[in-house]
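Derivation of every value follows stated rules applied to the coordinates shown; laboratory data play no part. Given the structure is predicted, the values throughout are model-derived calculations rather than measurements. For neighbour counting, all protein chains shown are included, and Cβ atoms are generated from backbone atoms with ideal geometry for every residue, glycine included.
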Amino acid sequence: MSRDLYDLIGLVAAICFILALKGLSHPKSARRGNLIGAAGATIATLVVFFYGDSLPLKNLPLILGAIVLGLIIGVPAARKVQLTQMPQLVALFNGVGGGAAALVAIVEYLKLGEEAAKGGGAIGAAVLIATIFTVVVGTTSFTGSIITFLKLQELMTTRPVIFPGGRFIIAGNLVAILVCSGWVYSAADTTSVLVLMALSAIFGVLFVLPVGGADVPIVISLLNAFTGLTVAASGYVLEATLLIVAGTLVGASGTILTRLMAEAMGRSLFGTLFGAFTATATTVGEADARPVKSGSAEDVAILLNYARRVVIVPGFGLAVAQAQHTVRELADLMSAKGIDVAYGIHPVAGRMPGHMNVLLAEANVPYDQLVEMDEINPTFPQTDVSIIIGANDVVNPAAKTTPGCPIYGMPILDVQQSGNIIFLKRSMRPGFAGIENELLYDPKTTLLFGDAKASLTKVVSALKAL
Amino acid sequence: MSSGLALISIFVLAVFVGFEVVSKVSSTLHTPLMSGANAIHGVILVGAIIVASHSDNTLQLTLSLLAIVLATINMVGGFVVTDRMLEMFKPKKAPAPSDTSDGVK
């Protein structure tokens, strides 16, 4: 295959990626957009087997074997994952992509080093810089994504991890990366690049550790954009136009997306990222033994039965309990009784923006019942009952009243303005961000403890009996 | 135009396209969009295949094969998981959930 034909097919794949991102930005075309992207990636992968100086490609059986191995690992993971665990799987996929980009850059660097040693010609400065960038950022993205995975999977604490002198350790680490980059630039040998990789791996860990609970999705999005840029830089080293286009598209759109996500949460991107440098150990509201009002499923059913308008606020607990079908049953039952029912969807309820929409759509909840935060907030004063199911931080008034708390400034659902508040909670444990919620002690609040699905089932049968 | 400059021009133009293409997105689609973009950078697989086919010693070959495995997971897994997320958005006709369809080949 000629270079021209190869590049032309690459252009087709690049157009597919642009259309994919465009499609993914609108609900109606999102699924098609993803399929177009997959088609582009398939074309790009197939065509590389037919381009080269000597066909078939050298090491072909091993290459095919490695692809099959990747398929065996990746496809079942993607198909079997629970809805609740999708965010961390995306984080993991992003991390391995970053790792792959770093490895590609290292191999190409070793190869260029060998050629330079043989032929005497030095490696171009731009290529060296692109290589160093890819190794540093790709490896950072790899280890950083693994930490976000561990946080979301709750295999480690979801709180910000802040250790004394952290900012100096990070600064020292960055200086070491810069010095080592200079070494790689001048030495062009294997040891230097491996040391650089190790330093970057440490940086990835240090970078993500101080990020707390609710900010983790923003960091995943940012690392995703990083990985895109490393792919673009690898494309520069390999002179592969398609990689430059695809990587840059992801880098640019990922940056915008990260900003949009941060805005939706009322966070400054800067504050999220450099929290490590400014953070002091925040005082977490002390879990005091003030009285709370807990009720039975029957109490809740009675409150609901005589309400005219009910707003359901779903959160991560709904996803964990897989209670989306039960909550729909409850909503249908209330609608049948002539009660006006709506779902108040906080943009970052759950572990990821849009998490709740995906979950409730699975239970075939009608679109028009899902109301976004800006639209539902003015209606709370006319709402008789708000049911909060497994959510906490997104209704926590501390976001408005307590400057300095980790979620301060995040827009919340104003459930405290409704007539009655019902919390379905597993326990008094604070939410993902680890902040005490004053609303739990509000006289208007009734708590129903237990697994969301079990509690909802009880409420449904109690309501049917009324 | 030198080849290096041509590549940089492509880079700069792609930055603008990337900014434009996602300027307005409802928060509902933030996660699927991130996941889809994540799958797209899996095309590093192409780069991994190229370096693997040029490798002539064990170290280079091992590293590049590892890169192929990781990149394949990123790309294929990414598209499949995005499709699963978006499956929830499809227009509802039958209440019975349809069979999970395959995103990629």
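Output the peptides A:109-118, A:141-150 sorted from most to least packed, where packing is the average of other Cβ atoms within 10 Å over each peptide's residues.
Numbers: A:109-118: 15.8, A:141-150: 24.6.
Result, highest mean Cβ count within 10 Å first: A:141-150, A:109-118.
Would you work out if region A:12-99 is rounded, prolate or oblate? Take a ≥ b ≥ c from the square roots of the eigenvalues of the alpha-carbon gyration tensor; rounded if a/c is under 1.5, else prolate when a/b is larger than b/c, oblate otherwise.
The shape class here is oblate.
Once R0 is set to 45 Å, what does the formula 1/(1 + (r/R0)^6) return for the Cβ-Cβ distance between A:ALA117 and B:LEU13, expressed as a FRET efficiency to the nearest 0.05? Each step should come with its number before you reach the end.
Working: r = 36 Å, r/R0 = 0.80.
E(calc), rounded to 0.05, equals 0.80.
Please compute, for peptide A:366-376, the average count of beta-carbon atoms on other protein chains lying within 10 Å of each residue's beta-carbon.
Neighbouring Cβ atoms belonging to other protein chains average 1 per residue here.
Taking the 0 to 90 degree range and rounding to the nearest ten, how far is the long axis of helix A:241-264 tilted relative to the main principal axis of chain A, both from C-alpha atoms?
30
If you restrict to DSSP beta bridges whose two residues both lie in chain A, what percentage is antiparallel, to the nearest 5?
Percent antiparallel among DSSP bridges in chain A is about 0.
Using the Kirkwood radius built from alpha carbon pairs, what does the Stokes-Einstein equation give as D for region A:345-466 at 20 °C and 1.002 mPa s, in µm² per second?
Values: Rh = 15.3 Å.
D = 140 µm²/s.
What is the mean number of Cβ atoms from other protein chains located within 10 Å of the Cβ atom of each residue in peptide A:345-353, rounded to a whole number? Please report the intermediate quantities before stating the final value.
On the way: counts 2, 1, 4, 2, 0, 1, 1, 6, 10.
So the per-residue partner count for this stretch is 3.
With angles folded into 0 to 90 degrees, how steeply does helix A:60-80 sit against the dominant principal axis of chain A? Use alpha carbons for both and round to 10.
10
First obtain the Kirkwood hydrodynamic radius of chain A from its Cα pairs, then insert it into the Stokes-Einstein equation at 37 °C and 0.692 mPa s, and state the resulting D in µm² per second as a whole number.
134
Note the angle between two axes, namely the Cα long axis of helix A:216-238 and the longest principal axis of the Cα atoms of chain A, as a number of degrees from 0 to 90, rounded to the nearest 10.
20
Which three semi-axes in whole Å describe the equivalent ellipsoid of region A:188-241, each the square root of 5 times a Cα gyration tensor eigenvalue, listed largest first?
So the three semi-axes of region A:188-241 are 26, 19, 4 Å.
Per residue of A:81-92, how many C-beta atoms from partner chains lie within 10 Å of its own C-beta, taken as a mean?
Partner-chain Cβ atoms within 10 Å, mean over residues of A:81-92: 3.
Using only the Cα atoms, work out Rg/Rh for region A:90-143, with Rh taken as the Kirkwood radius, to two decimals.
Rg/Rh for region A:90-143 comes to 1.11.
7 Å from Cα along Cα→Cβ at both A:THR190 and A:GLU372: what's the point-to-point distance in nm?
5.4
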